[in-house]
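The values are calculated or read from the model by the stated rules, or taken from the named source; none is laboratory data. In this text the structure is predicted, and so the values were computed from the model without any measurement. Counting neighbours? That spans all protein chains shown, and the Cβs are built from the backbone with ideal geometry, glycine included.
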Amino acid sequence: MRIFGSTGPTLTRKRIVLGVTGSIAAYKAVSLLRALVRDGAIVQVVMTQSAMKFVTPLTFEVLSGHPVSTEVFEAHQEMKHLSLPEQADAIVIAPATANCIAKAALGMGDDLLSTMLLTSQCPLIVAPAMDGGMWTHPSVIEHVGTLRARGAIVLDPEEGPLASGRIGHGRLAEETTILEAIQTALAPRRDWQGQRILVSAGPTQEPIDPVRFISNRSSGKMGYAIAEAAQARGAQVVLVTGPTAVPIPRGVEVVSVDTAEEMTKAMSTRLAWSTAVIMAAAVADFRPMHPVSQKIKKQGRSEQTLHLERTTDILASLSAQRTTQLMVGFAAETNDLIAHAQDKLTAKGLDLIVANDVTTEGAGFGSDQNAATLIDRQGGLTELPLMPKRALADAILNRAHELLQSRQSHQAPTPIAGGR
């Protein structure tokens, strides 16, 4: 049994600027600093005035072996907002408050950290931490989308108990997740270079009338994470997506659809272009047979009968049409996970299926995390523990790439004797 998603290469001699802002999670930055130093990084810490109310600069200075910077203009020193980013291989802000994210997105520079971001050309990794439902506030969503569109790696905070006593999204991402993001930014894999991946994501909406439809709880986060990861690893990516609120990944071509029929057409017309298809969308299995053009009124009705018909099994249809494409599907189940997934793998002629139990605590629809079992057509099973969906996306791509390489090596033409 193989477990993917290891932390990857060392950070030896990499220069990291660690920005710490005014969150209760600032104490976790101390452990992150120790991990960075342990992995060989040279770390310069920049603290905001609010951060110093939670942890003293001396703590970071002792552990990093370098003075902590807190002001744009410090006596008898160079202009830190210029010199620090010029020397850095990456800037990491952990924790990043909603205020810090807003300033970065809007291009404000009223302290050393925010001013430094305006002059930086190196990769930026942002690990948010906030409370009180801030993460889902429209302005925060917009600012995060802006930073991601510019190429910053903005990690999703985790769900759990917050400082206020509430349960929600806002906890600083796990240290291993932050380290993995740093390593990915500094040594990006390009193993999918030259490949063309067709990804589907999100739900479909099957209309009953102009204001009602049949759908499901899919958020689209898993498919979007796969598209983002594949693009980062060098692939050309087309993302066919149902209605979602997830920010569009940078560098990915997006085709928006509403219904299963529209998704079928969009995927089918692009099948020949692709070298791999990853069907992460949760397509409605049924649709109303006779959707009506006017809103159905409830007056005088004690009941309403809705006649349904099957939608096209998109993945099975694509698999039947394929030539050399690698086909990857998903099986979201509530019981008998492995048996149901293996049945789908065989029935749809897939190369790989990602099986996940949507009743698992902390995983499933709408969550930022997931756990899965990868099953290939040779019968191999790979269990993946609960992890952020972006990390799971890389694990899926790892296994899919192995299968694609194996297929392509078997399809390589035999050299002709005496050929040149």
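Among the residues of the range 205-218, not a single one is surrounded by 24 or more Cβ atoms within 10 Å (Cβ to Cβ), among the polar types (S, T, N, Q) and modelled with pLDDT of 95 or more.
The number of residues in the range 131-154 being outside any helix (DSSP H, G or I), out of contact with any helix residue (DSSP H, G or I) (no Cβ under 6 Å at 6 or more places or on another chain) and closer than 16 Å to Glu228 by Cα comes to 3. From the list Ser6, Ser31, Ser50, the one residue that fits, being closer than 30 Å to Asn370 by Cβ, modelled with pLDDT of 95 or more and either in contact with a helix residue (DSSP H, G or I) (Cβ under 9 Å, 6 or more places away or on another chain) or among the small types (Gly, Ala, Ser) (or both), is Ser31. Checking Glu206, Glu158 one by one, the residue that is assigned by TED's automatic domain parsing to the domain that holds Thr244 and charged (D, E, K, R) is Glu206 and no other.
Per-residue answers, yes or no, for (1) surrounded by fewer than 13 Cβ atoms within 10 Å (Cβ to Cβ); (2) more than 19 Å from Arg250 (Cα to Cα):
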| residue | (1), (2) |
| --- | --- |
| Gln44 | no, yes |
| Pro67 | no, yes |
| Val72 | no, yes |
| Ile93 | no, yes |
| Leu106 | yes, no |
| Met116 | no, yes |
| Cys122 | no, no |
| Ile125 | no, no |
| Gly145 | no, no |
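Just so you know, in the range 295-350 the residues that are touching a strand residue (DSSP E or B) at 6+ places or on another chain (Cβ under 6 Å) and of a type in the set (Val, Ile, Thr) include one that is farthest from Val277 (Cα to Cα), and it is Ile296. Condition check for Ala227 on (1) under 30 Å from Val43 (Cα atoms); (2) among the hydrophobic types (A, V, I, L, M, F, W, C); (3) not assigned by TED's automatic domain parsing to the domain that holds Ala90: one failure, at (1).
Here the condition is being more than 16 Å from Pro95 (Cα to Cα), in contact (Cβ under 8 Å) with a residue 24 or more places away in the chain and in the same structural domain as Val240 (by TED's automatic domain parsing); of Ala149, Ala201, it holds for Ala201 alone. Within the range 157-195, the set of residues being of a type in the set (A, V, I, L, M), surrounded by fewer than 16 Cβ atoms within 10 Å (Cβ to Cβ) and not in a strand (DSSP E or B) comprises Ala163, Ala187.
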